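Peer 1: Questions regarding the structure given below will be posed in turn.
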Amino acid sequence: MNAHTPPNPSTPPAPVPPGQPGPPVKPVKPFQAVVSGHEPRHLSLADLRHRGWTPSMVAKLLGAPDLTVRNQRFRGAAPSRRYSAARVESAEASDAFAALASAASRRAACSRAASERRRRAVLAEVEGLHIRVPRLAPESLTHRAVAHRNERDAQRACRHGDRHPAPARIDAAEPGALRRWQVNYLRHALTEYDTVLDGLHGTTGRAAAEHLLRRRVYEAIGAAYPHLSGECRRQLNERQPPPPPG
């Protein structure tokens, strides 16, 4: 082999003569397995809520967090509190946790029952309302409806600042537009009934009460002004499609 030719790595090393020491052996670094399960596990407050913990239970049984993690998404937010899973599981096995969890469950059930009673009471009150629609002569209703429409348009223009009001005129309005403005004016005159919904909490209960009240108002307007009944049905279907059957 030429002295300048690099050795072929595939060529086996030359045999070592008997009695001669062999080439030094490079030490092998032992294999290190990285297993995430070896790391201590921590639970967030959201995790604890899913396990049935309440804020007062956390304060009483766990106290200060074992770890705080900076919020990477919102720098100004408070650090996230984390609790050792082992400590959480130990607390959950205690008699104190069982007693507090039972009490929290009873309080939640009582709160749900109270909300349901309030929801049913408000729905019954809305169903029993006698909605009085102002009876106006056709010409008076038209003038008031157009004035109400123009006032609302001017308010919108003032709020946005990038548009100018476009007042409407009775003699230039389409019949469909006049009926729409008349219904809108009468609906605005009946907003006093919205006070029935005061104190009703919870999106589901309030949505059902608002749905019922809106339907009753449109029905009352259509009964007082038969020529507006079609527009009332159109607006009602547009604002709240009928619920699915069943």
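The values are calculated or read from the model by the stated rules, or taken from the named source; none is laboratory data. Given the structure is predicted, the values throughout are model-derived calculations rather than measurements. Glycine also receives a Cβ, built like all others from the backbone with ideal geometry; neighbour counts cover every protein chain displayed.
Peer 1: Inspect all residues belonging to the range 113-133 and state whether any of them is aliphatic (A, V, I, L, M), outside the structural domain of ASP194 (by TED's automatic domain parsing), more than 30 Å from LEU190 (Cα to Cα) and at pLDDT below 95.
Peer 2: Yes, some residue in the range 113-133 is aliphatic (A, V, I, L, M), outside the structural domain of ASP194 (by TED's automatic domain parsing), more than 30 Å from LEU190 (Cα to Cα) and at pLDDT below 95.
Peer 1: Then there is this: So which residues in the range 56-98 are in contact with a helix residue (DSSP H, G or I) (Cβ under 8 Å, 6 or more places away or on another chain) and assigned to a helix (DSSP H, G or I)?
Peer 2: Selection gives SER56, MET57, VAL58, LYS60, LEU61, VAL88, ALA91, ALA96, PHE97.
Peer 1: Every residue in the range 154-192 that is of a type in the set (Ser, Thr, Tyr) and surrounded by fewer than 10 Cβ atoms within 10 Å (Cβ to Cβ), please.
Peer 2: Scanning the range 154-192 gives a single hit, THR191.
Peer 1: Continuing with the same structure: I'm checking my understanding of the structure. Among residues of the range 37-55 that are assigned to a strand (DSSP E or B) and closer than 30 Å to ALA109 by Cβ, which one is nearest to the chain's Cα centre (by Cα)? Let's see the steps before the verdict.
Peer 2: Kept after step one, since they are assigned to a strand (DSSP E or B), are these residues of the range 37-55: 42-44.
Adding the requirement that they be closer than 30 Å to ALA109 by Cβ leaves 43-44.
Working: LEU43: 23, SER44: 20 Å.
Filtering the range 37-55 for residues that are assigned to a strand (DSSP E or B) and closer than 30 Å to ALA109 by Cβ, the one nearest to the chain's Cα centre (by Cα) comes out as SER44.
Peer 1: Could you count how many residues in the range 132-169 are of a type in the set (D, E, K, R), farther than 20 Å from ILE221 by Cα and in contact with a helix residue (DSSP H, G or I) (Cβ under 7 Å, 6 or more places away or on another chain)?
Peer 2: Within the range 132-169, residues that are of a type in the set (D, E, K, R), farther than 20 Å from ILE221 by Cα and in contact with a helix residue (DSSP H, G or I) (Cβ under 7 Å, 6 or more places away or on another chain) number 1.
Peer 1: For ASP95, are the conditions met, namely being in contact with a Lys or Arg (Cβ under 9 Å, 6 or more places away or on another chain) and at pLDDT 90 or above?
Peer 2: Criteria not met by ASP95.
Peer 1: Any residue in the range 74-87 that's closer than 10 Å to HIS42 by Cβ: show its pairings with residues that are among the small types (Gly, Ala, Ser) at Cβ separation under 7 Å, as long as the two are six or more apart or on different chains.
Peer 2: Between residues of the range 74-87 that are closer than 10 Å to HIS42 by Cβ and residues that are among the small types (Gly, Ala, Ser), the close pairs are SER80/SER44; ARG82/SER44.
Peer 1: When the residues of the range 129-151 are narrowed to those that are assigned to a helix (DSSP H, G or I) and in contact (Cβ under 8 Å) with a residue 24 or more places away in the chain, which ends up surrounded by the most Cβ atoms within 10 Å (Cβ to Cβ)?
Peer 2: ALA145
Peer 1: Going through GLU219, GLU192 one at a time, which residue ends up being within 21 Å of LEU141 (Cα to Cα), assigned to a helix (DSSP H, G or I), modelled with pLDDT under 90 and not hydroxyl-bearing (Ser, Thr, Tyr)? Give the derivation first.
Peer 2: On the way: GLU219 fails: modelled with pLDDT under 90.
GLU192 is the lone residue from the list that is within 21 Å of LEU141 (Cα to Cα), assigned to a helix (DSSP H, G or I), modelled with pLDDT under 90 and not hydroxyl-bearing (Ser, Thr, Tyr).
Peer 1: If you don't mind, another one. Condition test on GLY199, is it exposed (fewer than 11 other Cβ atoms within 10 Å of the Cβ), within 33 Å of the chain's Cα centre (by Cα) and either assigned by TED's automatic domain parsing to the domain that holds ARG144 or modelled with pLDDT under 90 (or both)?
Peer 2: The answer is yes for GLY199.
Peer 1: Scan (1) at pLDDT 85 or above; (2) within 30 Å of SER115 (Cα to Cα); (3) touching a Lys or Arg at 6+ places or on another chain (Cβ under 8 Å) for the single condition ARG187 breaks and write down its number.
Peer 2: Looking at each condition in turn, ARG187 falls short on (3).
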